[in-house]
Amino acid sequence: MYGKGLLKGLGVTFVRFFNTYWEDLTWMWRRVTTGEKRYHSAEGIAHRSSKNTRGIFTVQYPEEKLPVPEEFRYIPFLVYDEGADGAKEIRCTSCGICSKVCPPQCIWIVRGTDPSTGRPKPQPAEFYIDADICMNCGFCAEYCPFDAIKMDHDYELASYTRTLLPMEKLMKPASYYAEIRPLNAAREDEARKAKEAAKAAKAEAAAA
């Protein structure tokens, strides 16, 4: 029969259209009884992302956003520790390992100098990442020996001009890193404390 495939396709569309409104009515009742919402809520996004969803399943971006996993990686950022007086103690030492291992060579570092002696100091004076050519591979974060550069979760960086990110825009506190990557941050803190304890024990043994 000619047109059978067309009718079948229209039937699928009609069923999806009907289920959308039926699901909306069902979730309206659930909202009254349990407080759950189908749209603009974590449980609603999880339901529409599951295999059990019926009707519309599209995430209403940008009002809604899919949760990203902890290992999600986008443009790198520089980690700094917050001092007692509010000072930003950047972990980067300008060693240049991140720029050397970067496949597209999108990282530029200018080492800082001590104004009194003119000698280099272990802090960057300038740090740039060209977001237009960064491939988000994560090599810079993986090879950094000081845990000073990490991969971000912020993927909304659209702009009308070339995106050359300076150090001021790349710096974020260690608390932000612990918020977006809690498991990794906890493991790194434990390893750092163990290393410091071993170093202190070695110093005490040498002093004795």
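If you check GLU63, GLU70 for being within 23 Å of PRO182 (Cα to Cα) and of a type in the set (D, E, K, R), only one passes: GLU70.
Within segment 177-208, restricting attention to residues that are under 21 Å from PRO145 (Cβ atoms), touching a residue at least 40 places away in the same chain (Cβ under 8 Å) and not basic (Lys, Arg), which residue is surrounded by the fewest Cβ atoms within 10 Å (Cβ to Cβ)? Top of the filtered list is LEU183. In summary, ARG38 fulfils each of the numbered conditions (1) assigned to a loop (DSSP other than H, G, I, E, B); (2) basic (Lys, Arg); (3) touching a strand residue (DSSP E or B) at 6+ places or on another chain (Cβ under 9 Å) with the single exception of condition (3).
Scanning segment 74-90 for residues that are over 16 Å from PHE146 (Cβ atoms), modelled with pLDDT under 90 and surrounded by 11 or more Cβ atoms within 10 Å (Cβ to Cβ) yields a single hit, GLU82.
For segment 151-186, filtered to residues that are over 17 Å from the mean Cα position of the chain (by Cα) and not aromatic (Phe, Trp, Tyr), the residue that is farthest from GLU126 (Cα to Cα) is SER159. If you go through segment 14-30 one residue at a time, do you hit one that is of a type in the set (S, T, N, Q), over 30 Å from CYS98 (Cα atoms) and in a loop (DSSP other than H, G, I, E, B)? For segment 14-30, residues of a type in the set (S, T, N, Q), over 30 Å from CYS98 (Cα atoms) and in a loop (DSSP other than H, G, I, E, B): absent. The single residue among LYS195, LYS172 that is among the charged types (D, E, K, R) and farther than 18 Å from ILE107 by Cβ turns out to be LYS195.
Regarding segment 153-167, can at least one residue be identified that is assigned by TED's automatic domain parsing to the domain that holds GLY86, more than 30 Å from VAL68 (Cα to Cα) and loosely packed, with under 13 Cβ neighbours inside 10 Å? For segment 153-167, residues assigned by TED's automatic domain parsing to the domain that holds GLY86, more than 30 Å from VAL68 (Cα to Cα) and loosely packed, with under 13 Cβ neighbours inside 10 Å: absent.
Report yes if some residue within segment 173-188 is within 23 Å of LYS88 (Cβ to Cβ), of a type in the set (A, V, I, L, M), part of a strand (DSSP E or B) and in the same structural domain as GLU82 (by TED's automatic domain parsing); otherwise report no. No: zero hits. Might you check whether a residue that is within 13 Å of PHE77 (Cα to Cα), free of Cβ contacts under 8 Å to residues at least 60 places away in the same chain and of a type in the set (Lys, Arg) occurs anywhere in segment 161-171? The answer is yes; a qualifying residue exists.
For every residue, the table says whether it meets (1) of a type outside the set (Gly, Ala, Ser); (2) in the same structural domain as THR20 (by TED's automatic domain parsing); (3) without any contact (Cβ under 8 Å) to a residue 40 or more places away in the chain.
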position	(1), (2), (3)
TYR80	yes, no, no
ARG91	yes, no, no
PRO103	yes, no, yes
CYS106	yes, no, yes
ILE109	yes, no, yes
SER116	no, no, yes
ARG119	yes, no, yes
MET135	yes, no, yes
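When the criteria are applied in full, GLU156 fails the requirement of being among the charged types (D, E, K, R) and assigned to a helix (DSSP H, G or I). Test TYR176 against the stated conditions and say whether it is of a type in the set (Phe, Trp, Tyr) and under 16 Å from GLU82 (Cβ atoms). When the stated conditions are applied, TYR176 passes them. When segment 163-208 is filtered for residues that are modelled with pLDDT of 90 or more and hydroxyl-bearing (Ser, Thr, Tyr), the ones remaining, listed by number, are SER175, TYR176, TYR177.
The values are calculated or read from the model by the stated rules, or taken from the named source; none is laboratory data. Just so we're clear, the structure is a prediction, and the values are computed from it rather than from any experiment. Note: ideal-geometry Cβ built from the backbone for every residue, glycine included; neighbour counts use all protein chains shown.
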